[in-house]
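Laboratory data are not the source of any read-out in this text; all were calculated from the coordinates shown. A quick note: this is a predicted structure, and the numbers were derived from the prediction, not measured. Using ideal geometry, Cβ is built from the backbone for each residue, glycine included, and neighbour counts are taken over all protein chains shown.
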Amino acid sequence: MKIRVGHLYPDYLNIYADRGNIAVFARRAAWRGHELDVEEISIGDELRPDAHDLLYVGGGQDREQALVAVDIAAKAATLYRAVDGGAAVLAVCGGYQLLGRFYRDVQGHELSGAGVLPLETIAGERRMIGDVLLDCEWAGQTLAGFENHAGRTILDEGADPLGRVVHGHGNDGSSGFEGCRVGNAIGTYLHGPLLPRNPWLADWLLARAIAHRTGGEPKELAALPDDLEREAHTVSAGRARSRGGR
Ligand code: GLN
């Protein structure tokens, strides 16, 4: 089956090898006999409604975010329709911030966001950098990755985080939570790239993309020999633990 992927602003939002997440989606889909049909969508390109089963946007510095902010806000209605329609979404760091209402940088410049995630982000002086370990109780899993952001992301009251911070800063360094989850849409600060060391999340998103394509319910994907991925997770989680508390 062809899974239709929209990769947003790959030429602007792609730091810390976040593009590696697309490679993981492609391989894990191929190992189950599916093919990814990836459409790169950047500034001025049309984001066609209901055209994608999975949308992905990576991270970027303030400068690149400023270049795409007006365009992503202009795509808000189609992005909202994708999230509301059950497409799988993965947004990392700068891309995560711009799916919220706004990102205000450390000079106080406010960048418009798409407003499809219930959050807003204000940059602080001290960057939040280092290995992170999250407990995703809703999935009975942990996530390990790397964070590097000035933004402090505040979720709206009642909004679901992606996970509880076991080690690291997370959304704002004080809430004790990281990321945001709305239906099949996930935003997170975790770089790495995220998915090679957290294969369960790649499969969770792929299963929902396939369900979106077929119109059915998400089904557990066939297990893969993820020894290497599990080892990468263990190493990354160990580095986060060695950071000590938060
Ligand atoms: N520029 C944003 C910040 O500093 C996002 C950084 C990123 O994508 N790593 O918070």
| remark: So the FRET efficiency between E157 and E220, C-beta based with R0 = 30 Å and rounded to 0.05, is 0.35
| Using the Karplus equation 6.51 cos²θ - 1.76 cosθ + 1.60 (θ = phi - 60°), what ³J(HN,Hα) coupling, rounded to whole Hz, does each residue of the stretch 213-222 give in order, writing x for Gly and Pro? | 5, 8, x, x, 8, x, 10, 4, 7, 4
| Lys/Arg Cβ at +1, Asp/Glu Cβ at -1, dipole of the stretch 2-241 taken about the Cα centre: which of I72, W138, F177 is farthest positive-ward? | W138
| query | So which GluC sites (Glu not before Pro) in the stretch 173-246 end up in coil per DSSP with only 14 or fewer other C-beta atoms within 10 Å? | reply | E220
| said: Multiplying the sequence separation of Y80 and W138 by 0.36 nm and subtracting their Cα-Cα distance, what value in nm do you get? | reply: 18.6 nm
| Going by how many other beta carbons lie within 10 Å of each one, how would you line up V116, V57, fewest first? | V116, V57
| task | Work out how much length R243 to I129 would gain on full extension: take 0.36 nm times their residue separation and subtract the Cα-Cα distance, in nm to one decimal. | result | 39.9 nm
| message | Taking θ = phi - 60°, what integer Hz values does the Karplus form 6.51 cos²θ - 1.76 cosθ + 1.60 yield along the stretch 65-75, in sequence order, with x for Gly and Pro? | response | 4, 4, 6, 9, 4, 4, 5, 5, 5, 5, 9
| query | Given +1 on the Cβ of Lys and Arg, -1 on the Cβ of Asp and Glu, and no further charges, what dipole in debye does the chain carry about its Cα centre, rounded to the nearest 20? | reply | 400 debye
| query | Quick one: Kirkwood hydrodynamic radius for the stretch 2-241, alpha-carbon pairs, angstrom, one decimal? | reply | 17.5 Å
| Net length gained if the chain between R104 and R32 were fully extended (0.36 nm per residue, minus Cα distance) | 21.8 nm
